[in-house]
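Q: Right, I'll just put the structure down here and ask away after.
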Amino acid sequence: MTFGIIFQIIGSLALLIYGMKIMSEALQKMAGSQLRHILGAMTTNRFTGMLTGMFVTCSVQSSSATTVMTVSFVNAGLLTLAQAISVIMGANIGTTLTAWIMSLGYNVDLTLAVYPSFFIGILLIYTRRFRYVGDFLFGIAFLFFSLVLLSGAGKALDLAHNADAIAFFSSFDTNSHFSIIIFLAIGTLITCIVQSSAAVMAITILLCSTGVLPIHLGIALVMGENIGTTATANLAALGANSQARRAALAHLVFNVFGVVWVLCVFFPFVDFVCSLVGYNPADTSLTDAQRAAILPIVLSMFHTCFNVCNTFVLIWFIPQIEKVVCWLIKPGTKEEEEDFRLRYIGGNNIMKTPELSLLEAQKEIQSYAERTQRMFGFVRELLTITDGAAFAKLYSRIEKYESISDNMEIEIAKYLDGVSDAHLSDDSKAKIRAMMREITEIESIGDSCYNIARTINRKMDGKEDFTEKQYEHINQMMLLTDNALTEMNTLMLGRKDNYDANRSFNLENEINNYRNQLRSQNINDVNSHEYTYAMGTLYMDIINECEKLGDFVVNVVEARKGIRKN
C-alpha cells in the first residue's frame, strides 16, 4: 500500500513539472516577440528592470524561463550585464506567485475546475487561432490536478501518525543552525537534480501540511530551492560568451547572499513571517485540518518575504555585484574569439522558445555576415603584400576563415533544423526559410573571397605582375564590392523595415556595368600587348569573382527583406 502511495506522489510530481512546462511554454508562445520588446524597452534603470523581470516571470510562470531568456539576451548583446541583474532580481519576486498558486491548490478543492479545463483545452488545441490558449489550459489543469493528487496521497500516507517518519524528523534540532543548513543543502541538491523549484516546493508543502516536517526545516528547504533553481541558467550559459556566464553567476551570487544574511537572523525572521499570517510555531494545539490550511500559506509568505527583502537590499548594489562576477569570470582572449565557436547559439536549449531561438539564430547570422566582410578585407590586403612570409601568413588566415565559414553554415543550418521541429507559426516558418537562404548565400560569399585569394596566390607564384592600371581597376572593383558588403551588414544589424533595398540593387548594377566595361577593355589591352593573355585571365578572374560576390550579397538582401527570386 505504501509503495503505491509513493509512486502516486512521484507520478504527481512528474505531472506537476510537465504541467508547469506546458503552461510556461504556452504563455511564452502567446506573448511571442512581445517578451523580447518588453525586456529590451523596459530595462532603462535598475527599478524598471526589476519590475520587468517580475512582470515577465508572473506572465510565463517560470523564473527559470525568464532567467534563461535574460542570459540569452545578454549573450546576444540585447541587454547589458547590469540590466540583466536587475531583471533576474525581479524574476525572483515574480516566481513567488507560483508558490501562492500551489498554496491555493492545497487549500481549495480544484477538481471541479480541472476536468472542464481539460475538455476546453483539448477543443482549443485543435483550433488554429486558440491552440496556445488550449496548451495553457492543459498545463494549468495538469498543475492543479497534480496538486489534488499530491494532497490526496499525503493524506493517504498519513505521515502525521507514522512513528518512523516522526522519529526521523524529530532527530533534527529545529533550534540549531546546523539542522537548518543541512535541510538548506538538501533543498539545493534536490532542486539541482529535478530542475524544478516548483516540484520541491510541492514536496515541502506536502511534508509540512501533514505535520511531520517542522516549519523551520521546511523553510530551510525553501531557501535551498532558491539556490538550486540558479542551476538552470548556469547550465544554459555554459556554451555562451563571458557576459552571459556572468549574468547566470549573478543569479547565484544574489540568491546565495540572500540565504547568508537570512541565516544570520533566521529565527527572528521566521517569527516575523509567521506573525504576518497569524501563525505561532510553538502552538501544538492545531488540528490536522488547521495545520494543512495554514502551513502552505506560511511557506509561500516566507518565499515572498525572502525574495522581496533580498531584492530591496541588493538592488542598491548592482554595480558591486557586476564587479564581483566580472572578477570571477574573465573575458575570453582575442585568440579564442578568432577560433571557430558560435557566439549566440549552442547545443543547450533549456527552456528556449522558438521565438528566442530564432532571435539567437539571427544574431549568429549577423556575426556570420560580419565575419565574411572581415575575410574580404583580408583579401584586399593580400593584394597589396609583396613580402613572401607576410603573404603566406595572411593567405593561411584566409584559408582558416573559409573553413570557419563552411562550419558556421553547417552549424547554423543544424540549429535551424532543430528549431523547425517545434510547433511553429507560419511567420516563424517563413523566417527559418529566409535564414536558410541567407546562410547559403553568405557561405557563397566566403567561397568567392577564397577564390579571389587563390587567384592572387597564383599570380604571386608566377613571374609576372599586374600593371598599375590593372591594380587600379581591381581596387576600384573591390571597393564597390566592399561597399555592397557594408550595405548588407547595415541591413543585417538594423531593422529590415527601415532599410531601402534599392541601395544594394544600385550597387549591384554599378558592379555589373563596371565588370562589363573592364571585360571589353581587357580584350583590347591584351590585343594591344599591354600585358599577356595569362595575366589578363587572372585579372578577369578576380573581376568576375567580385561580380559574383556582389550577386550573392543581393541574394542575402532579398532573403532578409523577404523578396522572392524571379
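Q: With respect to the numbered conditions (1) closer than 17 Å to residue 473 by Cα; (2) touching a residue at least 40 places away in the same chain (Cβ under 8 Å); (3) assigned to a helix (DSSP H, G or I); (4) open to solvent by less than 60 Å² (accessible area, probe 1.4 Å), which one is the sole condition not fulfilled by residue 544?
A: Among (1) closer than 17 Å to residue 473 by Cα; (2) touching a residue at least 40 places away in the same chain (Cβ under 8 Å); (3) assigned to a helix (DSSP H, G or I); (4) open to solvent by less than 60 Å² (accessible area, probe 1.4 Å), residue 544 violates only (2).
Q: Also, I was wondering about something else. Being under 11 Å from residue 89 (Cα atoms) and modelled with pLDDT of 75 or more is the filter here; which residues of region 49-60 pass it? Before you say what the answer is, go through the steps one by one.
A: Taking region 49-60 and keeping what is under 11 Å from residue 89 (Cα atoms), we get 49-54, 57.
Result: 49, 50, 51, 52, 53, 54.
Q: I've got another one for you. Give me a count of the residues in region 222-238 that are buried (at least 24 other Cβ atoms within 10 Å of the Cβ) and not in a helix (DSSP H, G or I).
A: Residues in region 222-238 being buried (at least 24 other Cβ atoms within 10 Å of the Cβ) and not in a helix (DSSP H, G or I): 2 in total.
Q: Confirm whether residue 124 is over 19 Å from residue 300 (Cα atoms), surrounded by fewer than 19 Cβ atoms within 10 Å (Cβ to Cβ) and at pLDDT 80 or above. Working first, answer last.
A: Numbers: over 19 Å from residue 300 (Cα atoms): yes; surrounded by fewer than 19 Cβ atoms within 10 Å (Cβ to Cβ): yes; at pLDDT 80 or above: yes.
So residue 124 passes the test.
Q: Further, regarding this structure: Looking at this structure, is residue 72 buried (at least 21 other Cβ atoms within 10 Å of the Cβ), of a type in the set (S, T, N, Q), in contact with a helix residue (DSSP H, G or I) (Cβ under 7 Å, 6 or more places away or on another chain) and at pLDDT 80 or above?
A: Details: buried (at least 21 other Cβ atoms within 10 Å of the Cβ): yes; of a type in the set (S, T, N, Q): yes; in contact with a helix residue (DSSP H, G or I) (Cβ under 7 Å, 6 or more places away or on another chain): yes; at pLDDT 80 or above: no.
No.
Q: Kindly list the number of the only condition in (1) under 42 Å from the mean Cα position of the chain (by Cα); (2) assigned to a helix (DSSP H, G or I); (3) modelled with pLDDT under 90 that fails for residue 485.
A: The number of the failed condition is (3).
Q: Go through region 207-260 and give me each residue that's among the polar types (S, T, N, Q) and under 18 Å from residue 298 (Cβ atoms).
A: In the first step, residues of region 207-260 are kept if they are among the polar types (S, T, N, Q); the result is 209-210, 226, 229-230, 232, 234, 241-243, 255.
Those that are among the polar types (S, T, N, Q) and under 18 Å from residue 298 (Cβ atoms): 209, 210, 226.
Q: For residue 294, are the conditions met, namely being open to solvent by less than 40 Å² (accessible area, probe 1.4 Å), within 30 Å of residue 407 (Cβ to Cβ) and at pLDDT 75 or above? Reasoning before the result, please.
A: On the way: open to solvent by less than 40 Å² (accessible area, probe 1.4 Å): yes; within 30 Å of residue 407 (Cβ to Cβ): no; at pLDDT 75 or above: yes.
Criteria not met by residue 294.
Q: In region 457-479, what residues are more than 23 Å from residue 397 (Cβ to Cβ) and more than 44 Å from the chain's Cα centre (by Cα)?
A: First pass over region 457-479, keeping only residues more than 23 Å from residue 397 (Cβ to Cβ): 463-464, 467-470, 472-473, 476.
Once the filter is applied, which keeps residues that are more than 23 Å from residue 397 (Cβ to Cβ) and more than 44 Å from the chain's Cα centre (by Cα), region 457-479 yields 463, 464, 467, 468, 469, 470, 472, 473.
Q: Now for a different question. Listed residues 464, 438; which is open to solvent by less than 10 Å² (accessible area, probe 1.4 Å), in contact (Cβ under 8 Å) with a residue 60 or more places away in the chain and of a type in the set (D, E, K, R)?
A: Working: 464 fails: open to solvent by less than 10 Å² (accessible area, probe 1.4 Å).
Only one candidate passes the filter, namely 438.
Q: Six or more apart or on different chains, Cβ under 8 Å: which pairs go from a residue in region 239-268 that's assigned to a helix (DSSP H, G or I) to one that's of a type in the set (S, T, N, Q) and at pLDDT 85 or above? Could you list them?
A: Matching pairs, first to second residue: 254/310; 255/310; 257/310; 258/307; 258/310; 261/310; 262/310.
Q: Name the one entry in 459, 414, 400, 429 that is of a type outside the set (A, V, I, L, M), under 30 Å from residue 477 (Cβ atoms) and open to solvent by 60 Å² or more (accessible area, probe 1.4 Å). Steps first, please.
A: Numbers: 459 fails: open to solvent by 60 Å² or more (accessible area, probe 1.4 Å); 414 fails: under 30 Å from residue 477 (Cβ atoms); 429 fails: under 30 Å from residue 477 (Cβ atoms).
Sole residue among the options that is of a type outside the set (A, V, I, L, M), under 30 Å from residue 477 (Cβ atoms) and open to solvent by 60 Å² or more (accessible area, probe 1.4 Å): 400.
Q: For the subset of region 497-525 comprising residues that are among the charged types (D, E, K, R) and surrounded by 13 or more Cβ atoms within 10 Å (Cβ to Cβ), which member is farthest from the chain's Cα centre (by Cα)? If you could, list the steps in order and put the result at the bottom.
A: Our first condition is that a residue be among the charged types (D, E, K, R); within region 497-525, this holds for 497, 500, 503, 508, 510, 515, 519, 525.
With surrounded by 13 or more Cβ atoms within 10 Å (Cβ to Cβ) added as a condition, the list becomes 503, 508, 510, 515, 519, 525.
Numbers: 503: 34, 508: 37, 510: 41, 515: 45, 519: 50, 525: 58 Å.
Looking at the filtered set, the residue picked out is 525.
Q: How many residues, within region 199-214, are at pLDDT 80 or above, assigned to a helix (DSSP H, G or I) and open to solvent by 10 Å² or more (accessible area, probe 1.4 Å)?
A: Matching residues across region 199-214 total 0.
Q: Which ones in region 130-143 are among the hydrophobic types (A, V, I, L, M, F, W, C) and either surrounded by 22 or more Cβ atoms within 10 Å (Cβ to Cβ) or without any contact (Cβ under 8 Å) to a residue 12 or more places away in the chain (or both)?
A: So the first thing to find is which residues in region 130-143 are among the hydrophobic types (A, V, I, L, M, F, W, C), and the list is 130, 133, 136-138, 140-143.
Once the filter is applied, which keeps residues that are among the hydrophobic types (A, V, I, L, M, F, W, C) and either surrounded by 22 or more Cβ atoms within 10 Å (Cβ to Cβ) or without any contact (Cβ under 8 Å) to a residue 12 or more places away in the chain (or both), region 130-143 yields 130, 136, 137, 138, 140, 141, 142, 143.
Q: Being among the aromatic types (Phe, Trp, Tyr) and modelled with pLDDT of 85 or more is the filter here, so list the residues in region 265-291 that pass it. Talk me through it step by step, then tell me what you get.
A: Of all residues in region 265-291, those among the aromatic types (Phe, Trp, Tyr) come to 266-267, 269, 272, 279.
Answer for region 265-291, where residues must be among the aromatic types (Phe, Trp, Tyr) and modelled with pLDDT of 85 or more: 266, 267, 269, 272.
Q: Another question about this same structure. With the checklist (1) under 20 Å from residue 384 (Cβ atoms); (2) open to solvent by less than 60 Å² (accessible area, probe 1.4 Å) in hand, flag the one item residue 489 doesn't pass.
A: Going through (1) under 20 Å from residue 384 (Cβ atoms); (2) open to solvent by less than 60 Å² (accessible area, probe 1.4 Å) one by one, residue 489 breaks only (1).
Q: Applying the selection to region 155-174, what residues are more than 42 Å from the chain's Cα centre (by Cα), modelled with pLDDT of 70 or more and not in a helix (DSSP H, G or I)?
A: 171, 173
Q: Can you name the condition, by its number, that residue 482 falls short on among (1) touching a Phe, Trp or Tyr at 6+ places or on another chain (Cβ under 9 Å); (2) more than 21 Å from residue 397 (Cα to Cα); (3) open to solvent by 10 Å² or more (accessible area, probe 1.4 Å)?
A: Of (1) touching a Phe, Trp or Tyr at 6+ places or on another chain (Cβ under 9 Å); (2) more than 21 Å from residue 397 (Cα to Cα); (3) open to solvent by 10 Å² or more (accessible area, probe 1.4 Å), only one is false for residue 482: (2).
Q: Please work out which residue is most open to solvent (accessible area, probe 1.4 Å), limiting yourself to region 248-271 and to residues that are farther than 30 Å from residue 70 by Cα and aromatic (Phe, Trp, Tyr).
A: If we filter region 248-271 for residues that are farther than 30 Å from residue 70 by Cα, which is where we start, we get 264-271.
This time we only want the ones that are aromatic (Phe, Trp, Tyr), so: 266-267, 269.
Working: 266: 2, 267: 45, 269: 21 Å².
So, considering only residues that are farther than 30 Å from residue 70 by Cα and aromatic (Phe, Trp, Tyr), the one most open to solvent (accessible area, probe 1.4 Å) is 267.
The values are calculated or read from the model by the stated rules, or taken from the named source; none is laboratory data. No experiment lies behind these values; they were computed from the predicted model shown. Backbone-built Cβ (ideal geometry, glycine too); neighbour counts: all protein chains shown. Calculation scope for accessible area: heavy atoms of the full protein, side chains included, ligands and nucleic acids excluded. Shrake-Rupley method; radii C 1.70, N 1.55, O 1.52, S 1.80 Å.
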